[in-house]
Every structure is written in C-alpha cells, then in structure tokens.
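Q: This is the structure I want to talk about, given as structure tokens.
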Ligand SMILES: *Cc1c(COP(=O)(O)O)cnc(C)c1O
C-alpha cells in the first residue's frame, strides 16, 4: 500500500529542530525552485506541493493515517463531514443518474439527496436499510451509487455491509458508507467490499469537541475522480485542523475503548431500569441485529439510544434534569452529551417519518463520554428520578 510507506517515511523525517511532533504548515502556497519546476508540478511531470487547496503536509499526514486505518488505497480530507458527504456524492453523479440510499441517514445528507441533487436532475430512492431486497429492487439501469450509514443515527440500526457490497457488485453500483459512528477501529467497510468510506472527523476522530473535519477514502480510481472535484470546488481542510485531527488519531484507540466500555455499562444498566421503556445498543443481546453487530463491529460504539416515558415532555424534562451530562448537538466528545432528536436534529421530519427511523417522542440519544462510568450512571439515574 503506497500511502502507508509514504506516511511512515514522512513521519520519520524531521526538521533542523529534531521536533517530535509534526510541525504545523500554516501556508497557503509552496515555493517553486525555478520556472521549470513550476511548469513540471502544474503539468504533473513532477509530484509535489503547489497550493494548500490541492494538498498540504498536515492534510496529507491526516489522510495517510486514516488510509492506513481504513485499509484504503487513497483519500481526501475536507473541512467538515458534510463537505465529505457532498463531494463524495456530487463528484461522482451526472444529471440523470440515480442513487439508492438508506432512509436513516444523517439529516443534512438526506437534505442533499432530497432537495439539492434533484435541482441537477439526480434522484434518490430511500429504502429500509435493513432490507437488502429493497436496495436491490430499487436499483435501476441509471443507478450509480448506494449510500449507506451504519450504525444509523440515532436509531442504531445496522446494515450488513458485506451483503450489500455483494449486491452492489452484482448491479455494478458504487457502494459508499458513512463510517462516522463506528470509526475504522470498530468497523472497516472497505474490507467488507465498500468502494468509498466517508467520515465526519468532527465526531470520534477529533473526539474532543474542538474542530470540524471530514474525509473521503477508497479505491484509487474513484478518489482520483473525486480529487478533480475537490481541487476545483475547494472544500479543503485547514492545515491547523488537519494537525489537530492527526494528533487525535494517535489517541483514538484508547478513547474508543473507554467510550465503548462506558456505553456498554450504561446500556446494560438502563436495560434493567423500569423507568426506561427500551434501550438500543448494538452489543446488547436484545438488539435485533446483535449477531450482525458482533460479526461486523469489534465493539458496540459510543452511542446509546433509549426511550423515557412521557413522550416529548418526558424527553425534554429528562434533558433539563441532567447535571453533568451536557445538552449539545455534537457526539463522540470526551464529555457525555444527550440530545432529544424529536425536537432538535430530527424536528423537520413528521412523526411518521421519525417512527420509520426508530425515533419516538421520548427517544434520547446519549453520546457516552470518557468520565467515570459511575458518575454518568448517577447523573442519568437522578434525571430519571426527577421526571418520574
Ligand atoms: C455529524 C455527522 C455528519 C456531518 O459532519 P459535520 O462534520 O458536522 O459536517 C455526517 N454523518 C454523520 C453520521 C454524522 O454524525
């Protein structure tokens, strides 16, 4: 894998100060030694840095590391997760093309499919992500892309990536997977047959609630096609944010271990609490797709979804009663965060549309942080006691 060896070599190189941490290259452009070199770099006869919209040592380092983790041939870094979602879709489709996508996608990704792409003659059919026959029967001759997200937000429904990849190959369609909720340390879609993996690096990859970022990884030929699109349209990640995210990858493994063990303990605890109607967590045996979770994921992830009694009022009262766990719309942070999807992230959907993706009026999504698990459980318990 070319990216791996390049990355290792680059990290072994040091400047005159023998710095341990890679420096931040806050530069918009790079200098040409001669007019001839400028010509050669622009015409592709020589490989090298030209302008930070095209590439920068910090964004390259971040992409190299992510490629190694995902087992991807090549990749691109973007300023936000949505820039990655948009570029990875818009860079591949043409007017008249068709997409089949999970109906349980991140809200802004759904808005791209439902509202923005139709302006350019690209249509999408949304399907029940669990039902592989629906993916297949929705496929038309002009279908170019399958877009999947697993586990889904906030329903934590799973898609069998290997089985969907097989259908994608049979139907000659590109399979793209948003791997944001799992990260490559828990689930590696490319090894299961996906062509493209996208990330919001804002979530677990940064994991400390500081920066926005995104990435697109995958087959070299597809990434090259997308590289043309991103170079011209400009969703580049800033060198500083790339440096932050690259550092964050060095702690991803230890953070995820703690996120997942805390989440498993909280989910198990909530399952035996009669004030909670239901709990969903991929590694609980009660999860309807538990077998698939064990097969496709190495840990259960950092999110737990559950229902409190009392509908919308109950959900909002629970949020207001929390004292340590914060109310915020981010996830994958060091600190535990609770959201009430029905009145916030998914408030634009109708109640029926919400029900289809597993959101009831009293549904709570909890992004379990790195605090002591006893403190998290105490806060959730006292909030449940307050509202019941
Ligand atoms: C947050 C998120 C995104 C969007 O990422 P941003 O960095 O906020 O632009 C896309 N997909 C999923 C699953 C997310 O959780």
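Q: Is the C-alpha gyration tensor of region 293-388 telling us rounded, prolate or oblate? Criteria: a/c under 1.5 is rounded; beyond that, a/b larger than b/c is prolate, otherwise oblate.
A: oblate
Q: Based only on other Cβ atoms within 10 Å, what is the fewest-to-most ordering of 18, 103, 94?
A: Least crowded to most crowded, the residues run 18, 94, 103.
Q: Right, next: Taking other Cβ within 10 Å of each residue's Cβ, how do 32, 147 sort, fewest first?
A: Final ranking by Cβ density, sparse to dense: 32, 147.
Q: Taking R0 as 41 Å, what FRET efficiency do you get between residue 268 and residue 352 from their Cβ-Cβ distance, rounded to the nearest 0.05?
A: 0.85
Q: Which FRET efficiency, nearest 0.05, do residue 131 and residue 291 yield, Cβ-Cβ r, R0 22 Å?
A: In this case the efficiency is close to 0.85.
Q: Hey, another quick one. Considering only 93, 279, 31, give the residue with the highest GNM mean-square fluctuation for the chain, with springs between Cα atoms whenever their separation is below 10 Å.
A: The residue with the greatest mean-square fluctuation here is 31.
Q: Can you tell me the length gained on complete extension of the stretch residue 50 to residue 278, counting 0.36 nm per residue apart and subtracting the Cα distance?
A: 76.7 nm
Q: How much length is gained if the chain between residue 231 and residue 309 is pulled fully straight, taking 0.36 nm per residue apart and subtracting their Cα-Cα distance, in nm to one decimal?
A: Extra length from residue 231 to residue 309 when fully extended: 23.1 nm.
Q: Next question. How far, in degrees from 0 to 90, does helix 57-70 lean away from the longest principal axis of the Cα atoms of the chain, to the nearest 10?
A: For 57-70 against the chain, the angle is about 60 degrees.
Q: If you take all C-alpha pairs in region 229-388, what percent of them are over 25 Å apart?
A: Taking all Cα-Cα pairs of region 229-388, the fraction more than 25 Å apart is 37 percent.
Q: Additional query: Among 109, 251, what is the fewest-to-most ranking by other Cβ atoms within 10 Å?
A: If I rank by nearby Cβ atoms, fewest first, I get 251, 109.
Q: What do you get for the angle between helix 252-271 and the principal long axis of the chain? Use alpha-carbon atoms, 0 to 90 degrees, nearest ten.
A: Here the helix axis deviates by roughly 20 degrees.
Q: Students often get this wrong: which residues of region 360-388 have the backbone nitrogen under 19 Å from the point 7 angstrom along Cα-to-C-beta of residue 343?
A: 360-367, 380-388
Q: Could you calculate the contour length gain from residue 42 to residue 170, that is, 0.36 nm times the residue separation minus the distance between their Cα atoms, to one decimal place in nm?
A: 42.2 nm
Q: Cut-off 10 angstrom, C-alpha nodes, Gaussian network model of the chain. Which of 303, 49, 212 fluctuates the most?
A: 49
Q: Using alpha carbons only, how many degrees (0 to 90, rounded to 10) separate the axis of helix 239-249 from the longest principal axis of the chain?
A: Orientation of helix 239-249: about 60 degrees from the principal axis.
Q: Hey, another quick one. Can you show me the helix-derived [θ] at 222 nm for the chain, built from DSSP H runs with n ≥ 4 at -39,500 (n - 2.57) apiece and divided by the number of residues, rounded to the nearest 500.
A: The per-residue figure over the chain is -11500 deg cm²/dmol.
Q: Build a GNM of the chain with springs between Cα atoms under 10 Å: which of 61, 46, 285 gets the top mean-square fluctuation?
A: 46
Q: Here is a further query. Which value, in Å to one decimal place, does the Kirkwood hydrodynamic radius take for the chain when every pair of different Cα atoms is included?
A: Final number for the Kirkwood radius of the chain is 21.8 Å.
The numbers here are math on the coordinates, done by the rules we state, and not lab data. Here the structure is a predicted model, which means the values were calculated and not measured. In this analysis, Cβ positions are derived from the backbone assuming ideal geometry, glycine residues included, and neighbour counts consider all displayed protein chains.
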